[in-house]
Amino acid sequence: MSQLKQTPLHALHEELGGKMVPFAGYEMPVQYPLGVKKEHEHTRAACGLFDVSHMGQVLVRGPHPAESLETLVPSDLLGLANGMQRYGLFTSEEGGILDDLMIVNAGDHLYLVVNAACKDQDVAHLRRGLGEHEVEVLDRGLMALQGPAAAAVMQRCCPEACDMVFMQHGRFTIGGIDVWVSRSGYTGEDGFEISVAAQNAEALARRLLAEPEVAAIGLGARDSLRLEAGLCLYGHDIDTHTTPVEAGLIWAIGKPRRRGGERPGGFPGADLILHQVAEKDHRRKRVGLLGEGRAPVREGAELYTEDDKHIGVVTSGGFGPSIGKPVAMGYVDIEQSEVGTQVFAEVRGKRLPMIVSKTPFVTPGYYRG
């Protein structure tokens, strides 16, 4: 653990009794004394505070940041309004996914949030691809306030932020602390992601935790919450061997960037990806899976048909506390991808029945106004 990096909230995690584990090169809390299941349930019922300061925060400045970044991602960034945020993908020349990220139009520059495990390679990729543009890596804290009570908490702490809708971004103050806030998150609930100067992160976290609805939540519940919400985890549900079409992320390819759009292609792997979009020419698909028993089905479990044909693999799995059933995501042959199809996951020598299901597994609580 001595080789691992620490976030600005490390001392607070220890004070709160967080169980610290290695994650993406950082020492991070997997859970607190409340425990993973209760932390999950508290976030769904009230409000949780997550430390996500391990994520990479990056500014892109230059003469044409949106136009330039479109050469690396299939998103419609020229159509992204000032103060709005969009989900994006770095794609490879082979059509795979190098990472997923969030992109904010901050006026005269872009603000990006990339995954912790990929941030060094992402920054290098940006610097190679964006030429004359400046790519600045920020040293800031980042925390997520998530749950149905998040808006009530924010109304007391920063009422102006409550005027935002899902995927909107703004700059405010909380108790005299400057913050960058987006109305978004990784749980399927309404909530806010809050970027703050590293030296102010602990004071802000204590301010939010002082609210009666808010509890500190660790990585364990973050994973089960995002799985119920049907959200991909990079390196598990998406990777360099997965195309956006196979992953069910066609919506992340801006319509102007598709064939027949105003600015078709122009991003790495466009020929293959846009062929798959237009022709539906792909052999496998990411699907949701609901277990019929109680035993969780974990990542790596192989998937079969009833007549013993191997058809895919589970990429994320566990027990869904909010629905009381095992939930998973994985890839299956396109012929077995229709909702309602029964498949079988091999777990410790047994074949457990699962049903191909729509995601998300829970009703999203995103605030759209």
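The values are calculated or read from the model by the stated rules, or taken from the named source; none is laboratory data. Predicted model, so just to flag it, every value in this text is computed and none were measured. Backbone-built Cβ (ideal geometry, glycine too); neighbour counts: all protein chains shown. Ligands, DNA and RNA are excluded from the accessible area calculation, which covers all protein heavy atoms including side chains. Shrake-Rupley method; radii C 1.70, N 1.55, O 1.52, S 1.80 Å.
So how strong a dipole does the chain carry about its Cα centre when Lys and Arg Cβ are +1 and Asp and Glu Cβ are -1, to the nearest 20 debye? Using Cβ point charges on Lys, Arg, Asp and Glu, the chain gives about 620 debye.
Would you list His40, His109 from the most to the least accessible area, probe 1.4 Å?
Per-residue accessible area, sorted high to low, gives His109, His40.
One Cα centroid belongs to the stretch 79-151, the other to the stretch 1-71; the line between them spans 16 Å.
Could you work out the local net charge near Ile323, counting Lys and Arg as +1, Asp and Glu as -1, over the other residues with Cβ closer than 14 Å to its Cβ? Surrounding charge for Ile323 is +2. Between Thr240 and Asp163, the contour length at 0.36 nm per residue exceeds the alpha carbon distance by 23.9 nm.
Remark: relative contact order (the chain) = 18 percent; criterion is Cα-Cα distance under 8 angstrom and separation of 6 or more residues.
Converting phi to 3J(HN,Hα) with the Karplus coefficients 6.51, -1.76 and 1.60 and the offset θ = phi - 60°, the stretch 175-180 yields x, x, 9, 6, 9, 10 Hz in sequence order, with x at every glycine or proline. Estimated at the nearest 10 Å², the accessible area of Glu213 is 40 Å² with a 1.4 Å probe. Taking all protein chains as they are arranged and a probe of 1.4 Å, the heavy atoms of Arg263 leave approximately 60 Å² accessible to solvent. Electrostatic tally near Glu134: other residues with Cβ closer than 13 Å to its Cβ, Lys and Arg +1, Asp and Glu -1, net -1. For the stretch 57-197, the equivalent ellipsoid built from the Cα gyration tensor has semi-axes of 27, 15, 14 Å, listed from largest to smallest.
Kirkwood radius for the stretch 1-48, taken over all pairs of different Cα atoms as the inverse mean of 1/r, rounds to 11.5 Å. Restricting the trypsin sites (Lys or Arg not before Pro) of the stretch 67-168 to loop positions (DSSP other than H, G, I, E, B) with no more than 14 neighbouring Cβ atoms within 10 Å leaves nothing. Which Cα, out of Val362, Phe344, Met329, lies furthest along the positive dipole direction of the stretch 286-369 (beta carbon charges, K/R +1, D/E -1)? Among Val362, Phe344, Met329, the one farthest towards the positive end of the dipole of the stretch 286-369 is Val362. Lysines near Lys38 by alpha-carbon distance under 22 Å, same-chain residues fewer than 8 away left out - which ones? Of all the lysines, those that pass the test against Lys38 - Cα under 22 Å, at least 8 places apart if same chain - are Lys19, Lys325. GNM on the chain, C-alpha springs below 10 Å: top fluctuator among Ala278, Ala201, Ala216? Most flexible of the set in this elastic network: Ala278. Listed by chain and number, the lysines placed with their C-alpha closer than 21 angstrom to that of Lys280 are Lys255, Lys358; residues fewer than eight positions away on the same chain are left out. Computed from the C-beta positions of Ala198 and Val313, the FRET efficiency with R₀ = 25 Å rounds to 0.05. When the Cα positions of Gly235, Val214, His54 are compared along the charge dipole of the chain, Val214 comes out farthest toward the positive end, with charges on each C-beta of Lys, Arg, Asp and Glu.
Take the stretch 1-100 with all the other protein chains still there, run a 1.4 Å probe, and you get 40 Å² of accessible area per residue. Comparing mean-square fluctuations of Gly340, Gly260, Gly25 from a GNM of the chain with C-alpha springs under 10 Å, the top value falls on Gly260. Solvent-accessible surface (1.4 Å probe) assigned to Phe50 amounts to roughly 10 Å². Modelled spin-label separation between Val137 and Arg283, with each label point placed 7 Å from Cα along the Cα-to-Cβ direction: 3.8 nm. What the pair-distance distribution of the chain shows, using all Cα-Cα distances binned every 10 Å from zero, is 5, 23, 32, 27, 11, 1, 0 percent. For the stretch 1-84, the Kirkwood estimate of hydrodynamic radius, built from reciprocal distances between every pair of different alpha carbons, is 16.1 Å.
Within a straight-line Cα-Cα reach of under 18 Å, Lys350 can be paired with the following aspartates and glutamates, leaving aside sequence neighbours fewer than 8 residues apart in one chain: Glu292, Glu299, Glu302, Glu306, Asp307, Asp308.
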